[in-house]
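Contents: one structure, followed by commentary.
The values are calculated or read from the model by the stated rules, or taken from the named source; none is laboratory data. None of these values were measured; they are calculated from a predicted model. Please note: Cβ atoms are built from the backbone with ideal geometry, for glycine as well, and neighbour counts cover all protein chains shown. The protein model used for the area step is the full one, side chains on, heavy atoms only, and it has no ligands, DNA or RNA in it. Shrake-Rupley method; radii C 1.70, N 1.55, O 1.52, S 1.80 Å.
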Amino acid sequence: MKHAILGAGGVGGLIGACLAHLGDSVTLVVRPQRLAHYPNTIRLESAFGNFEVNVAVAAEVPPVDVLWLTVKATQMEAALGALKNYETVRGIVPLLNGIDHVSLLRARYGSERVIPATIAVETERVSPGHIVHRSPFARLNVLSAGQPMLGSTINQLQQLGFECRFIDDEPTLMWGKLVFLAPFALSTTAADKTTGEILADPEWRKLGLDCLREVCAVALAEGAKVDADAVIAGVMKMPGNMRSSMQKDVERHNPPELDAIAGPILRGAAHHGIDVPVTRKLVAAVELRAR
């Protein structure tokens, strides 16, 4: 299989390194001004293993079987300028935070080419070509429509250590990540605390769990099959040292993915007449910190 990675950050670097390690062809797509000096290797430090692999580097997406879109939601529009000949790409797998990007990509590139997917992981590019996978897990979920194209790739990633599932129902796929991600991202960023510190602080713990219940209420109204108690049980098992990418963005004075992560919740709540006061409070706190 031939793969391209558009967004060579933590998630893209992890996916690219693992696919190249498994023997597939991988091209990292980077900004033209970085092309001459970008390394043609990826060094991965991970619970799945520490290794260095060779990759190709290009400024435009070449003809491939699968394009993994792993940029920040705030960078998607600019990054897609590198996808000039999308007809030569069989499938586009977006691993962005949020939900709204799926309909935007379908409108531009066609429903048959876009394969919705989500990933739950903490991974970071510490320097170009050097990726540190910090969480003990990487959970990749893909809409079942992508199974014919991605089935063998998913099997290989599972053997390496990924937890992977094909999910039949798109609202459940997309909201299934958001009900976990949004409370985690908003609370850790608003408080500037790790997951363990949030859960150990009674006030922040209550805010985080109340936000989670609000997001689950919106998700159910949107047609997703989610269970707030099951999500809470999963949160309680999270490593205590985890930090959200939104939290790191605010620390580095980068624009946080607030609209991508909180926007669908706030808009969905307004549409269905659901009150989400805790979510709004956390969003306001993040906006304040970001300013």
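In square angstrom, what is the accessible area per residue of the chain with a 1.4 angstrom probe?
With the other protein chains kept in place, the chain gives 43 Å² per residue.
What value in Å³ per residue do you get for the convex hull of the alpha-carbon atoms in region 73-137?
Value for region 73-137: 121 Å³ per residue.
Given region 115-204, report the % of alpha carbon pairs whose separation exceeds 15 Å.
68 percent
Kirkwood Rh, Cα Rg: Rg to Rh for region 239-291?
Value, to two decimals: 1.03.
Count the net charge of all other residues whose Cβ sits under 10 Å from the Cβ of Glu214, scoring Lys and Arg as +1 and Asp and Glu as -1.
0
If I stretch the segment between Leu22 and Thr88 completely, what's the gain in nm (0.36 nm per residue apart, minus their alpha carbon distance), one decimal?
The span from Leu22 to Thr88 would gain 21.4 nm if fully extended.
How big, in percent, is the set of alpha carbon pairs in region 159-255 lying more than 23 Å apart?
Percent of Cα pairs beyond 23 Å in region 159-255: 30.
Convert each backbone phi in region 2-18 into a coupling constant with the Karplus relation 6.51 cos²θ - 1.76 cosθ + 1.60 (shift: θ = phi - 60°), then list the ³J(HN,Hα) values in order as whole Hz, x for Gly and Pro.
9, 10, 10, 10, 9, x, 8, x, x, 5, x, x, 5, 4, x, 4, 5
Please work out whether region 57-195 counts as rounded, prolate or oblate from its C-alpha gyration tensor, where a ≥ b ≥ c are the square roots of the eigenvalues and a/c under 1.5 means rounded, while otherwise a/b larger than b/c means prolate and anything else oblate?
Verdict is rounded for region 57-195.
Hey, with R₀ at 30 Å, roughly what FRET efficiency would Ala107 and Ala56 work out to, going by the Cβ-Cβ distance, to 0.05?
Between Ala107 and Ala56 the formula returns 0.50.
Dividing the convex hull volume of the Cα atoms of region 99-149 by its residue count, what figure in Å³ per residue is obtained?
Convex hull volume per residue, Cα atoms: 127 Å³.
Counting only pairs 8 or more residues apart or on different chains, how many lysine pairs in the chain have their Cα atoms under 14 Å apart?
4
Taking N as the number of residues in the chain, what is its Cα Rg relative to 2.2 N^0.38 Å?
For the chain, the normalised Cα radius of gyration comes out at 0.97.
Can you give me the distance in nm between label points at Asn155 and Phe137, each placed 7 Å from the Cα along the Cα-to-Cβ direction?
So the label points at Asn155 and Phe137 sit 2.5 nm apart.
Sequence-distant or interchain residues sharing an amide H contact under 5 Å with Leu67, placed H: which?
Hits under the 5 Å cutoff: Ala4, Gly91, Ile92, Val93.
What number, rounded to the nearest 500 deg cm²/dmol, is the helix-based mean residue ellipticity at 222 nm of the chain, given -39500 (n - 2.57) per DSSP H run of at least four residues and division by all its residues?
Dividing the helical sum by the residues of the chain leaves -14000 deg cm²/dmol.
How large, in percent, is the carbon and sulfur part of the accessible surface of the chain at a probe radius of 1.4 Å?
Heavy-atom surface of the chain belonging to carbon and sulfur, 1.4 Å probe: 50 percent.
In vacuo Debye scattering of region 1-100, one point per C-alpha: log10 I(q)/I(0) at q = 0.17 Å⁻¹?
Listed by q, the Debye log ratios stand at -0.71.
Give me the percent of DSSP beta bridges within region 1-107 that run antiparallel, rounded to the nearest 5.
20 percent
Cα-based Rg (one decimal) and Dmax (whole number) for region 201-291, in Å?
Over region 201-291's Cα set, Rg and Dmax evaluate to 13.7, 36 Å.
Would you please give the residues with an amide H less than 5 Å from that of Thr41, counting only those at least 5 places away or on a separate chain, with H modeled from the backbone geometry?
Close amide H contacts, sequence-distant or interchain: Val55.
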